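J.: After the structure tokens below, expect a handful of questions from me.
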Amino acid sequence: MLPPFDHVRTWIFDLDNTLYPAETDLFALIDERMGTYVADLMQVDLVEARRIQKDYYYQHGTTLAGLMLDHGVDPHHFLDYVHDIDMGRIEPCPVTAAGLAQLPGRKLIFTNGDVTYAGRVLDRLGLRDQFVAIHDIHATQYQPKPHSAAYASLVDSLAIDPAAALFVDDLARNLKPAKLLGMTTVWMNNGSDGGTHEAEHDFIDHEISALGEWLTALTQETAR
């Protein structure tokens, strides 16, 4: 690779709204099932369930983390339920696949979802064989991004040199811990992150809006 990416030996990607377009809105289906799960668990209506769900998300990083802490929810049961969705919204992207194939070094997935769900998404995208490992919510001991422990577990378990790693995520807040470890950070600014980013901009090295186009530009520059 040419500068400023010639040092990268490990390419780390978030899954949802990063490997596929945000307008796919796959998370809307998951969000609906999370609301139903909370409503059934706590015997409340869907409006109250959504309020509780979002409170947990903002306080703990994931709805699951809050449910485990306050209600002892089995994470496997929860994840199996909320990820039982139709993948028909996802379409393969040959441009992204071709760009990923040209990257030198290891390619990894770092997700707050689980391996089973991530595998289904990758199969639908036609990208399963591109990635050598998926570091999921079970591997982080249920400490989701952006908790620093999640990144420590990623680095330790997969023997990553942060100085030679790059991380792409659509949520700006998830880039800060990676940058503090020494990784190069790329923000997928595709509209999926509704937050404000004044505090995170210092931790964003590069900003992109479409993965396939960015990868194409990288590999074309390399070929010249």
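J.: I'd like to check something: does the stretch 31-44 contain any residue that is modelled with pLDDT of 95 or more, of a type in the set (K, R), farther than 16 Å from M87 by Cα and touching a helix residue (DSSP H, G or I) at 6+ places or on another chain (Cβ under 9 Å)?
T.: No: the stretch 31-44 contains no residue that is modelled with pLDDT of 95 or more, of a type in the set (K, R), farther than 16 Å from M87 by Cα and touching a helix residue (DSSP H, G or I) at 6+ places or on another chain (Cβ under 9 Å).
J.: To continue, here is another question. How about the stretch 65-88: which of its residues are outside any loop (DSSP other than H, G, I, E, B) and of a type outside the set (A, V, I, L, M, F, W, C)?
T.: Within the stretch 65-88, the subset outside any loop (DSSP other than H, G, I, E, B) is 65-71, 75-82.
Selection gives G66, D70, H71, P75, H76, H77, D80, Y81.
J.: Now for a separate question. Please work out which one of (1) of a type in the set (D, E); (2) in a helix (DSSP H, G or I); (3) within 30 Å of L218 (Cα to Cα) is the condition E91 fails and give its number.
T.: Evaluating E91 over (1) of a type in the set (D, E); (2) in a helix (DSSP H, G or I); (3) within 30 Å of L218 (Cα to Cα) leaves (2) as the failure.
J.: Which condition does H76 not pass, out of (1) of a type outside the set (A, V, I, L, M, F, W, C); (2) surrounded by 19 or more Cβ atoms within 10 Å (Cβ to Cβ); (3) under 23 Å from G61 (Cα atoms), if it passes all the others?
T.: Tallying (1) of a type outside the set (A, V, I, L, M, F, W, C); (2) surrounded by 19 or more Cβ atoms within 10 Å (Cβ to Cβ); (3) under 23 Å from G61 (Cα atoms), H76 fails exactly one: (2).
J.: It is to be established whether one or more residues within the stretch 9-16 are under 27 Å from V168 (Cβ atoms), open to solvent by 20 Å² or more (accessible area, probe 1.4 Å) and in contact (Cβ under 8 Å) with a residue 12 or more places away in the chain.
T.: The first filter runs over the stretch 9-16 and keeps only residues under 27 Å from V168 (Cβ atoms), leaving 9-16.
Restricting the remaining residues to those that are open to solvent by 20 Å² or more (accessible area, probe 1.4 Å) gives 9, 16.
After this cut, where a residue has to be in contact (Cβ under 8 Å) with a residue 12 or more places away in the chain as well, the list is 9, 16.
Yes, some residue in the stretch 9-16 is under 27 Å from V168 (Cβ atoms), open to solvent by 20 Å² or more (accessible area, probe 1.4 Å) and in contact (Cβ under 8 Å) with a residue 12 or more places away in the chain.
J.: Say we look at the stretch 52-64 and pick out the residues that are modelled with pLDDT under 90 and assigned to a helix (DSSP H, G or I); which of these is surrounded by the most Cβ atoms within 10 Å (Cβ to Cβ)?
T.: As a first pass, look at the stretch 52-64 and keep what is modelled with pLDDT under 90: 57-62.
From what is left, the residues that are assigned to a helix (DSSP H, G or I) are 57-60.
Values: Y57: 17, Y58: 11, Q59: 12, H60: 19.
Only one residue fits best here, namely H60.
J.: A further question follows. Among the residues of the stretch 43-51, is any crowded, with 20+ Cβ neighbours inside 10 Å, more than 16 Å from D136 (Cα to Cα), hydrophobic (A, V, I, L, M, F, W, C) and in contact with a strand residue (DSSP E or B) (Cβ under 7 Å, 6 or more places away or on another chain)?
T.: The answer is no, given that none of the residues of the stretch 43-51 is crowded, with 20+ Cβ neighbours inside 10 Å, more than 16 Å from D136 (Cα to Cα), hydrophobic (A, V, I, L, M, F, W, C) and in contact with a strand residue (DSSP E or B) (Cβ under 7 Å, 6 or more places away or on another chain).
J.: Quick check: anything in the stretch 21-36 polar (S, T, N, Q), within 16 Å of N112 (Cβ to Cβ) and either out of contact with any Leu (no Cβ under 8 Å at 6 or more places or on another chain) or open to solvent by 70 Å² or more (accessible area, probe 1.4 Å) (or both)? Explain how you work it out, then say what you get.
T.: First, the residues of the stretch 21-36 that are polar (S, T, N, Q): 24, 36.
Subset that is within 16 Å of N112 (Cβ to Cβ): none.
No - not one qualifying residue is present in the stretch 21-36.
The values are calculated or read from the model by the stated rules, or taken from the named source; none is laboratory data. Since this is a predicted model, take the numbers as computed values, not measurements. Backbone-built Cβ (ideal geometry, glycine too); neighbour counts: all protein chains shown. The protein model used for the area step is the full one, side chains on, heavy atoms only, and it has no ligands, DNA or RNA in it. Shrake-Rupley method; radii C 1.70, N 1.55, O 1.52, S 1.80 Å.
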